[in-house]
Amino acid sequence: MQQKLSGIAASAGVAIAKAFVHEEPDFNIELRNVENADQEIQLFLDALATSQEELRVIRDKAETELGADKAEIFSAHLLVLNDPELIDAVKEKINQDKQNAEYALNEVATMFISMFENMDNEYMKERAADIRDVTKRVLGHLLGIKAQSLATISEETIVIAEDLTPSDTAQLNPVFIKGFATDIGGRTSHSAIMSRSLEIPAVVGTKEVTKQVETGTLMIVDGLDGDVIIDPSAEQLAHYQTKKEKFERQKEEWAKLVNEPTTTKDGKHVELAANIGTPKDVDGVLNNGAEGVGLYRTEFLYMGRDRLPSEEEQFEAYKEVVERMDGKPVVIRTLDIGGDKELPYLDLPKELNPFLGFRAVRLCLEEQTIFRTQLRALLRASAYGNLKIMFPMIATLEELRQAKALLQEEKAQLQKEGTKVSDSMEVGIMVEIPSTAIAADLFAKEVDFFSIGTNDLIQYTMAADRMNERVSYLYQPYHPAILRLVKMVIDAAHKHGKWAGMCGEMAGDEIAIPLLLGLGLDEFSMSATSILPSRSQIHNLSKEELSSFALEMLQLSTADEVEQKVREHFLNG
Ligand code: PEP
Ligand code: MG
């Protein structure tokens with residue numbers, strides 16, 4: 001039956017093929033009393049050995065086909081299988097309680113899984129998923145259940161599953177597996193991450209795709225817009241075929257630019273950086289050839305948990321990012337909580353206007369213990385790469401000076417303790433409050449860089465709440481008022497020999513890019529998938545020509561007029 005489902009676009013591209021519904025085997029685990037414990041232990045050890053052998057094969061295959069970092073997950077699985085704590089606990093249950101091997105293993109694994117899941121640490125939570133995955137494999141051998149092997153699929157197929165485990169995903173051969181769609185999962189679930197590195201179009205979190213599709217049904221996975229079309233009509237097929245071909249041609253062109261510098265037609269270099277929320281996002285940053293991280297929103301480290309992250313936990317996350325970026329710049333923003341981002345465990349009083357309230361650096365300067373912990377973690381991580389610190393929501397010079405003074409104090413303290421910190425770390429601010437944009441020349445003397453946060457700068461300049469869709473028409477990045485503020489910030493930075501970047505959504509917008517280039521922006525930070533299309537656009541623009549064009553745009557009356565002109569001149573109407 002023809003049907004369209006929406007989910008989360010996990011991996012870009014369009015796939016058209018017949019479905020293969022991958023079902024989880026039904027492990028019916030019953031408690032039995034075993035008489036010969038030694039024999040039962042041997043069965044368990046044999047199942048472990050067979051699983052290890054399988055995992056080694058999958059790991060080696062993943063290493064050659066996907067690279068060493070993707071294969072690591074299977075080394076982690078092998079470690080679980082070799083873990084004496086787990087093995088001994090199972091053996092003990094068999095020996096002392098006379099339990100059958102599958103029951104004993106399931107009990108022990110469930111206990112470890114819930115222990116890891118309840119830990120406060122993302123890394124440990126992922127270990128729970130590893131144990132679950134490995135346990136299924138061993139149980140399959142113990143129960144003699146032959147799991148369907150995705151690896152043996154040898155015709156063009158779209159895999160449909162409730163979710164795919166990392167080992168399922170690694171078995172997908174991109175030659176035959178054209179796409180996949182799952183019921184559960186989000187953009188950062190393991191299966192989604194793997195699908196991006198395999199470059200298999202994927203839609204996750206459709207909630208019900210397994211219920212609606214049968215093996216053999218023709219279907220379309222649109223990983224660009226997050227749609228799944230089941231049993232498409234001839235018209236839909238033609239439409240998606242065209243969409244697929246267009247995207248593939250475009251990707252081939254973009255891919256050529258991964259290792260290219262971002263230079264304009266007249267040979268001027270600008271930096272294209274990526275915005276990230278967690279260390280995991282670095283994969284996308286590197287795969288898309290970003291020249292740095294222009295905004296690391298650290299608040300995600302503080303969210304989805306019940307207490308503040310420790311200095312150590314933060315240090316590990318920041319260090320991981322700077323190390324993986326291998327000397328490329330990484331701008332880490334200090335905590336920006338408040339506004340629409342709440343931390344329930346801080347128990348802050350409700351405010352009438354949270355976006356105009358106790359937010360970001362305002363909160364950090366008051367709650368100094370929280371701030372100092374983060375500063376220490378950042379300073380320690382600065383010894384491992386090219387880390388730059390950025391303070392959000394700076395409205396006055398006093399705030400900046402106070403934040404810098406605390407940073408200085410923590411640096412001195414760390415040095416006194418003999419801890420290594422970088423000596424050349426740049427310190428900058430986000431320019432997202434109109435007062436700071438207007439007085440940018442005063443700030444420029446006391447910072448190393450500016451990064452313009454247009455998401456907030458526009459909401460404050462236009463007095464239009466960014467969360468309220470009834471006033472969303474006032475989100476006008478091309479409004480001459482906004483362009484003039486942007487120019488003031490860039491000019492002030494350059495006058496004092498500093499650089500100016502932008503990390504709001506505007507930086508990756510194809511209409512804004514010609515204007516920002518013309519105004520002299522040095523760094524553009526955007527979502528990783530916008531990097532290559534933006535680089536391709538910039539290659540065709542001349543900075544010289546754009547500088548007079550941009551000045552003309554500042555004199556137009558409305559955002560619409562500006563947009564029209566940019567379209568006419570640079571985007572084929
Ligand atoms: C901005 O305000 O433009 C910005 C990048 O910060 P956030 O969206 O996190 O407020
Ligand atoms: Mg902001």
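Which log10 I(q)/I(0) values does region 257-408 give at q = 0.08, 0.10, 0.11, 0.20 Å⁻¹ under the Debye formula, counting every alpha carbon as one identical point scatterer?
-0.25, -0.39, -0.47, -1.25
Express as a percent, rounded to the nearest 5, the fraction of DSSP beta bridges in the chain (both residues included) that run antiparallel. Provide the component values of the computation, followed by the final result.
Values: 19 of 57 bridges.
Antiparallel: roughly 35 percent of the beta bridges in the chain.
What do the square roots of 5 times the Cα gyration tensor eigenvalues come to for region 1-94, in whole Å, largest first, as semi-axes of the equivalent ellipsoid?
Values: eigenvalues 267, 95, 27 Å².
Values for region 1-94, descending: 37, 22, 12 Å.
In the chain, with Lys and Arg counted as +1 and Asp and Glu as -1 at Cβ, which of these residues, Val489, Phe449, Val21, has the Cα nearest the positive end of the dipole, that is, farthest along it?
Towards the positive end, the residue furthest out is Val489.
On C-alpha positions alone, give me the angle between the axis of helix 397-416 and the longest principal axis of the chain, in degrees, nearest 10.
50 degrees
Under 20 Å between alpha carbons, and skipping anything fewer than 8 positions from Lys420 in its own chain: which aspartates and glutamates qualify?
Of all the aspartates and glutamates, those that pass the test against Lys420 - Cα under 20 Å, at least 8 places apart if same chain - are Glu311, Glu312, Glu313, Glu316, Glu320, Glu323, Asp326, Glu409, Glu410.
Fully extended, how many nm does the chain gain between Arg362 and Ser527 (0.36 nm per residue separation, minus their Cα-Cα distance)? Each step should come with its number before you reach the end.
On the way: separation 165, 0.36 × 165 = 59.40 nm, distance 2.68 nm.
So the extension gain works out to 56.7 nm.
If each of Tyr345 and Glu65 carries a label point 7 Å out from its Cα toward its Cβ, how far apart are those two points in nm?
So the label points at Tyr345 and Glu65 sit 4.0 nm apart.
How large is Rg over Rh for region 255-311, taking Rg from the Cα atoms and Rh as the Kirkwood inverse mean of 1/r across Cα pairs?
On the way: Rg = 15.5 Å, Rh = 13.4 Å.
Here Rg/Rh amounts to 1.16.
What pairs from Lys18/Lys61; Lys404/Lys498; Lys411/Lys498 go past 19 Å between their alpha carbons? Don't skip to the answer; put the middle values down first.
On the way: Lys18/Lys61 26 Å; Lys404/Lys498 17 Å; Lys411/Lys498 23 Å.
Beyond 19 Å between Cα atoms: Lys18/Lys61; Lys411/Lys498.
How much length, in nm to one decimal, is gained on full extension between Asp225 and Ser154, taken as 0.36 nm per residue of separation minus their Cα-Cα distance?
On the way: separation 71, 0.36 × 71 = 25.56 nm, distance 2.75 nm.
Full-extension gain reported as 22.8 nm.
So if I take the centroid of the Cα atoms in region 309-335 and the same for region 413-454, what is the distance between those two points in Å?
17 Å
Counting only protein heavy atoms, what percent of the accessible surface of the chain is carbon or sulfur at a 1.4 Å probe? Display every interim value, and only then the final one.
Numbers: 12720 of 26220 Å².
The nonpolar share, carbon plus sulfur, comes to 48 percent.
Among the listed pairs Lys256/Lys319; Lys91/Lys136; Lys243/Lys280, which are separated by more than 22 Å between their Cα atoms?
On the way: Lys256/Lys319 30 Å; Lys91/Lys136 18 Å; Lys243/Lys280 29 Å.
Where the Cα-Cα span goes over 22 Å, the pairs concerned are Lys256/Lys319; Lys243/Lys280.
Expressed in whole Å with the largest first, what are the equivalent ellipsoid semi-axes of region 1-54 derived from the C-alpha gyration tensor as the square root of 5 times each eigenvalue?
Computed over region 1-54, the values are 43, 16, 10 Å.
For region 401-474, what value does the Rg/Rh ratio take when both radii are computed over Cα atoms and Rh is the Kirkwood radius, given to two decimals?
Values: Rg = 17.2 Å, Rh = 14.7 Å.
That ratio equals 1.17.
Just name one of Thr396, Val427, Leu105: the one whose Cα is farthest towards the positive end of the charge dipole of the chain (beta-carbon charges, Lys/Arg +1, Asp/Glu -1).
Result: Thr396.
To the nearest whole percent, what portion of all C-alpha pairs in region 264-570 is separated by more than 28 angstrom? Can you show the working numbers first?
Values: 17391 of 46971 pairs.
For region 264-570, the fraction of Cα-Cα distances above 28 Å is 37 percent.
Which of the GluC sites (Glu not before Pro) across region 1-97 are loop residues per DSSP, with 10 or fewer other Cβ within 10 Å?
Values: sites: Glu23, Glu30, Glu35, Glu40, Glu53, Glu54, Glu63, Glu65, Glu72, Glu85, Glu92; in loops: Glu23, Glu30, Glu35.
Loop-located and lightly packed - Glu30, Glu35.
May I ask you to list the trypsin sites (Lys or Arg not before Pro) in region 19-83 that are in a DSSP loop and have at most 13 other Cβ atoms within 10 Å of their Cβ? Mind dumping the intermediate values first?
Details: sites: Arg32, Arg56, Arg59, Lys61, Lys70; in loops: Arg32.
For trypsin sites (Lys or Arg not before Pro) across region 19-83 that sit outside H, G, I, E and B with at most 13 neighbouring Cβ atoms in 10 Å, the list reads Arg32.
Along the positive direction of the dipole of the chain (beta-carbon charges: Lys, Arg +1; Asp, Glu -1; about the Cα centre), which of His539, Trp499, Pro201 reaches farthest?
The residue sitting most towards the positive pole is Trp499.
Give me the angle, in degrees from 0 to 90, between the Cα long axis of helix 68-81 and the longest principal axis of the Cα atoms of the chain, rounded to the nearest 10.
40 degrees
Taking 2.2 N^0.38 Å as the expected size of a compact globular protein, what ratio does the Cα radius of gyration of region 491-570 give against it, to two decimals? Walk me through the intermediate numbers first.
On the way: Rg = 12.6 Å, N = 80, 2.2 N^0.38 = 11.6 Å.
Taking the Cα Rg and dividing by 2.2 N^0.38 Å, one obtains 1.08.
Whole percent per 20 Å bin, from 0 to the bin with the longest distance: what is P(r) over all C-alpha pairs of the chain?
18, 46, 30, 6, 0
Given R₀ = 35 Å, FRET efficiency for Lys211-Asp97 by Cβ-Cβ distance, to 0.05? Intermediate results must be reported in sequence, preceding the final value.
Values: r = 39 Å, r/R0 = 1.12.
With R0 = 35 Å, the Cβ-Cβ based efficiency is 0.35.
Averaging over all projection directions, find the projected area of the Cα convex hull of region 331-394 and quote it in nm² with one decimal place. Walk me through the numbers before you get to the answer.
Values: hull surface 18.5 nm².
Averaging across all directions leaves 4.6 nm² for the Cα convex hull.
Region 254-296 to region 1-61: how many Å between their Cα centroids?
Using only Cα atoms to place each centre, the spacing works out to 37 Å.
To the nearest 500 deg cm²/dmol, what mean residue ellipticity at 222 nm is calculated for the chain from DSSP H runs of n ≥ 4 alone, each contributing -39,500 (n - 2.57), summed and divided by the residues? All intermediate terms of the calculation are to be shown ahead of the outcome.
On the way: 23 runs with 278 residues, N = 573.
Counting only the DSSP helices, I get -15000 deg cm²/dmol.
Which distance in nm do the two modelled labels at Asn287 and Asn173 give, with both placed 7 Å along the Cα-to-Cβ direction?
Between Asn287 and Asn173, the label points sit 2.2 nm apart.
Could you give the size of the charge dipole of region 264-570 about its Cα centre, using +1 on the Cβ of each K and R and -1 on the Cβ of each D and E, expressed in debye and rounded to the nearest 20? Provide the component values of the computation, followed by the final result.
Working: 34 positive and 48 negative charges, 88 e Å.
Using only the charged Cβ atoms, the result is roughly 420 debye.
Quick one: dipole size for the chain, taken about the Cα centre, charges +1 on Lys/Arg Cβ and -1 on Asp/Glu Cβ, in debye to the nearest 20. List each step's numbers first, then the result.
On the way: 61 positive and 95 negative charges, 280 e Å.
Once rounded to the nearest 20, the dipole reads 1340 debye.
Once you place label points 7 Å from the Cα toward the Cβ at Lys18 and Arg401, how far apart are they in nm?
Going from the Lys18 label point to the Arg401 one covers 7.5 nm.
How big is D for region 37-143, in µm² s⁻¹ as a whole number, if Stokes-Einstein is applied with the Kirkwood radius of its Cα pairs at 37 °C and 0.692 mPa s?
Value of D from the Cα-based Kirkwood radius: 230 µm²/s.
Quote the charge dipole size of region 37-143 about the Cα centre in Debye, to the nearest 20; the model charges only the Cβ of Lys and Arg (+1) and of Asp and Glu (-1).
Magnitude of the dipole: close to 200 debye.
Quick one: work out the % antiparallel among DSSP beta bridges in region 317-442, nearest 5.
On the way: 1 of 8 bridges.
Approximately 10 percent, going by the DSSP bridge assignments.
The values are calculated or read from the model by the stated rules, or taken from the named source; none is laboratory data. Note that the structure is a prediction, hence the values are computed from the model and not measured. For neighbour counting, all protein chains shown are included, and Cβ atoms are generated from backbone atoms with ideal geometry for every residue, glycine included. All accessible areas refer to the heavy atoms of the entire protein, side chains included, with ligands and DNA or RNA removed. Shrake-Rupley method; radii C 1.70, N 1.55, O 1.52, S 1.80 Å.
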